[in-house]
Structures are given as structure tokens and as C-alpha cells.
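Each remark here refers to the structure printed beneath this line.
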Amino acid sequence: HLDPRQLCVFITGATAGFGQATALRFLAGGARVVALGRRAERLEALARLHQEQEHGSGEGPRGESERLHTIQADVGDVEGMKAALGALPPAFRDVDVLVNNAGFAAGLGLAHESSLEDWHAMVETNIKGVLNTTHLLLPGMVARKRGHVVMMGSVASRYPYPGGNCYGGTKAFVHQFAMNLRADLAGTNVRVTNVLPGMCETEFSLVRFKGDEARAKKVYDGMTPLTAEDIAEVVYWTTTLPAHVNVNALEIMPVQQAFAPFAVSRG
Ligand code: NDP
Ligand code: 8X3
């Protein structure tokens, strides 16, 4: 297995959910982590959680850790991303693992009732954000002959459901982009994995339903969803497997989530 202490891991969307849990998992394993998100106060909260993880909740060294570098940026803002990457401290410059996790669903309306703004916003982050970050970091990985790109896909890319329209479409792009990257990267030692989670209770539904807490909570009523830590463990496992192993795609659901029959409109 790869030694996580030798890895520099760049995680987008590290201010909540999967991204935050993945950052903490790699930090606990001894990796260097670059954590990116738009909310500054959440990046500060992540730094505090890391300090607590390192030193307990009592008094310990405070301030930016030698193993955590945070970036406040929007993955859709390519100029901002370029500037942030250009300003990476030397210890964080050679990224070994890129976790393209930042993303969201906006709304659950049927296609003909959806907002075009919501669709464009999802494309901007879920597709263009992934392209921006990958385009910026991949050449370095290829030059070093060492690297791993992890995509946060979704079961929504494989199984259509009413209201999944553009969101599922963005995640289908992510899946095919990951597989096509594998084709291009043959012979470079750079690995690519698409992780496809099912229902997981993070801030995902709160964002999807634009802050409606009751509606978000209802999604997980009476069932046990995945946790962010479950997915963090999957990302940690796939990226620390021996260097000759590539997990192409991995689909994970809660036991209580499965498939519905086809819908048939009669009459
Ligand atoms: P959360 O809403 O809890 O976290 C999303 C993260 O993405 C936040 O840190 C948010 O930070 C960040 N983010 C969103 N937009 C941008 C942006 N433009 N630039 C930078 N960061 C951004 O959701 P999850 O952890 O659940 O979602 C993570 C990924 O997993 C997403 O791609 C989602 O589609 C996918 N997914 C989620 C599932 C679920 O059921 N939860 C299932 C399958 C896939 P900030 O707002 O601070 O920028
Ligand atoms: C998030 C999972 O099923 O809500 O990607 O689309 S789902």
C-alpha cells in the first residue's frame, strides 16, 4: 500500500460533507492536504478540527498546520484557481491525489419546470469546475509519473429518476470523463477513479432544497443513509492501494436504498 505520509492530497469542496471528512481522514493518516471551498469560516473550522484531531481538544499549537493548506476559491473561477495554485507553498505544490469533490444538485423539479439558471450553475461547478482543476493539476502528475484523480460521481449518473435531469447529466459527464482520462493516461502511472455514492446525509439535500431544512431532513426519514465518513474511507482506500492497482469506478449505496421498477404510463 502507498504510505499516506508521502501523499499530497488536493480536495475540492472540503468545507462540508464528503470533502471535509476526506480531508480529515487523510490528515489523520499523516498526508499533506490542500482543502478548497468558498466559505472561509468553514475552512477555519476544518483547520480547528484538524488541530483537535492532532492535539486533542485541550491546548495545543494553533494556526495553520504544516500539513494543511486551505484555499478559499470557487472551482468554476478558472483565473482564481490558477492564482491559488500558483501560490501553493512548496510542500503542497506536487499534488499526488486530486479529489474532484465540489458539486451540488439544485432543485428536484421536472425538466420542463426547472430553472435554466440552476442547470447552468450545476454545469459550472460539477462539470467546468472538474475540468478546471483537472486541467491545472494533471500535467504535473504526468510529468512526475505519479498521481491519482478521484471524481465524485453519483448513482444519479447511472439510474435516472424524476427530477434528476441536469444533475444526473453532470455526473454522467464526470463518469465518462474519468474513463476517457484513463484511456489518455495509459502508460503514465496516473490513476483515475470515479466514486459513485448513493444517499448520504451531508449538506447535499439542504443545498438541493435551497435551505429548506424540513424537506432536506425528510429525504433520510426512517432509513440509515451513508455517512460522509463512509465515503471518505472509500476515497482513502482506493488512493492508498498499491501503485499497480486502479479502481475504475466504485458504486456505494446504503443497504436501505435499491432500485425501483420502470414507470409505465398507461392509457
Ligand atoms: P455538501 O453540500 O455537504 O458539500 C459540498 C461541498 O462542495 C461543500 O464543501 C461546498 O463548499 C463545495 N462546493 C460547492 N460548490 C463549490 C464551488 N463552486 N467551488 C468550490 N467548492 C464548492 O455535499 P456532499 O458532501 O454530499 O457532496 C460532495 C459531492 O458528492 C458533490 O459533488 C455531490 O454531487 C456528490 N454526491 C453527493 C451525494 C449525497 O447523497 N450526499 C451522493 C452522490 C454524490 P462551499 O459552499 O464552501 O464552497
Ligand atoms: C446524490 C445522490 O440519489 O440524490 O448524487 O441523486 S441522489
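What follows is calculated from the coordinates using simple rules that are stated; it is not laboratory data. What you are looking at is a predicted structure, and each value in this text was computed from that prediction instead of being measured. A quick note on method: Cβ atoms are made from the backbone with ideal geometry, for glycine too, and the neighbour counts reach across all protein chains shown.
Conditions tested, residue by residue: (1) within 15 Å of ligand 2 (Cβ to nearest atom); (2) closer than 15 Å to ALA105 by Cβ; (3) surrounded by 13 or more Cβ atoms within 10 Å (Cβ to Cβ).
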{"position": "LYS171", "(1), (2), (3)": "yes, yes, yes"}
{"position": "LEU185", "(1), (2), (3)": "no, no, yes"}
{"position": "VAL192", "(1), (2), (3)": "no, no, yes"}
{"position": "LEU206", "(1), (2), (3)": "yes, yes, yes"}
{"position": "GLY211", "(1), (2), (3)": "no, yes, no"}
{"position": "VAL219", "(1), (2), (3)": "yes, yes, yes"}
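For residues that are loosely packed, with under 15 Cβ neighbours inside 10 Å, within 14 Å of ligand 1 (Cβ to nearest atom) and in a loop (DSSP other than H, G, I, E, B), tally how many sit in the range 69-91. Matching residues across the range 69-91 total 0.
Looking at the range 107-132, which of the residues that are among the β-branched types (Val, Ile, Thr) and either out of contact with any strand residue (DSSP E or B) (no Cβ under 6 Å at 6 or more places or on another chain) or outside any helix (DSSP H, G or I) (or both) is surrounded by the most Cβ atoms within 10 Å (Cβ to Cβ)?
Checked the range 107-132; the qualifying residue surrounded by the most Cβ atoms within 10 Å (Cβ to Cβ) is THR125.
Does THR202 satisfy the criteria of being outside any helix (DSSP H, G or I), among the hydroxyl-bearing types (Ser, Thr, Tyr) and within 12 Å of ligand 1 (Cβ to nearest atom)? Against the criterion (outside any helix (DSSP H, G or I), among the hydroxyl-bearing types (Ser, Thr, Tyr) and within 12 Å of ligand 1 (Cβ to nearest atom)), THR202 qualifies.
Do you know which of the residues in the range 205-226 that are more than 16 Å from PHE18 (Cα to Cα) and assigned to a helix (DSSP H, G or I) is farthest from ligand 1 (Cβ to nearest atom)?
ALA214
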